[in-house]
Amino acid sequence: WDHAQARGACIYAELAGVGMTADGADLTAPNAGGAARAMQGALDDASMTEDTIGYVNAHGTGTRLNDRTETAALHQVFRTLPPTSSSKGAIGHCLCAAGALEAAFTVMALHTQTLPPTVGFTVADPDCDIDPVPLARPARFGAALSNSFAFGGMNASVLFRRP
């Protein structure tokens, strides 16, 4: 932090918390409990509560199984779901690089105070009762969560806050 300030760097966001789980429930089917524990772990690591999160960049693969499971996990963590969009409609699923790219989307959303859209979103799934941010829009929020869930039940959530 001191080095960045000393060199005059633009500080886009602060990495405030990280949560990781390895539920190993299934090779390809996500597990809501493992995903929820990763999100809660990031909140706990940051010493923040769920009501401080103003945006979630979802793992959001656009598949029925993944999106419904992630929605269920969000409900386990949040009393009121924050706006939640997915970057994959814009960039595709970059597999091992997905988490890094989606973290960058999340950081820039915080920095610009703009919720990024879920590109390609057209029809809501009745089992996914989230605000999917179909179009980019301005918002005032101080913290955001980025989810990355992988094959074999590997789950990671990173929490960023405004500097």
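Taking amide H as placed 1.01 Å from N in the peptide plane, Asn31 has no amide H partner under 5 Å among residues 5 or more places away or on another chain. With the whole protein complex present, His111 retains an accessible surface near 70 Å², based on a 1.4 Å probe. Beta-bridge orientation, the chain: approximately 75 percent antiparallel, per DSSP, counting only bridges with both partners inside. Hydrodynamic radius of the chain by the Kirkwood approach over all distinct alpha-carbon pairs: 15.7 Å. Surface composition of the chain: carbon and sulfur atoms hold 59% of the protein heavy-atom accessible area at a 1.4 Å probe. Dividing the Cα radius of gyration of segment 1-49 by 2.2 N^0.38 Å, with N the residue count, gives 1.66.
Expressed as a rounded percentage, what relative contact order does the chain have, with Cα pairs under 8 Å and six or more residues apart?
Numbers: 354 pairs, mean separation 59.0, N = 163.
Normalised by residue count, the contact order of the chain is 36 percent.
Ranked from largest, the principal axis spans of the Cα set of segment 21-110 equal 32, 30, 21 Å. Per residue, the chain reaches -9500 deg cm²/dmol at 222 nm when only DSSP H runs of four or more residues are counted, each adding -39500 (n - 2.57).
Relative intensity of segment 78-140 on a log10 scale, I(q)/I(0) at q = 0.29 Å⁻¹, equals -1.29, per a Debye sum over C-alpha point scatterers of equal strength in the absence of solvent.
Compactness of segment 113-163 is given as radius of gyration and Dmax, 13.5, 36 Å, from Cα positions. In this structure, the amide hydrogen of Gly62, modeled 1.01 Å from its nitrogen in the peptide plane, lies closer than 5 angstrom to those of Asp67, counting only residues at least 5 positions away or on a different chain.
Can you work out the FRET efficiency for the pair Cys94 and Met20, with r the C-beta to C-beta distance and R0 = 22 Å, to the nearest 0.05?
Details: r = 19 Å, r/R0 = 0.87.
Computed FRET efficiency for Cys94 and Met20 comes out at 0.70.
Put simply, the amide H of Ala139, placed in the peptide plane, has neighbours under 5 Å in Thr114, Leu115, leaving out anything fewer than 5 places away on its chain.
The values are calculated or read from the model by the stated rules, or taken from the named source; none is laboratory data. These figures come from a predicted structure and were not determined experimentally. Glycine also receives a Cβ, built like all others from the backbone with ideal geometry; neighbour counts cover every protein chain displayed. Areas reflect the complete protein model, heavy atoms only, side chains present, ligands, DNA and RNA absent. Shrake-Rupley method; radii C 1.70, N 1.55, O 1.52, S 1.80 Å.
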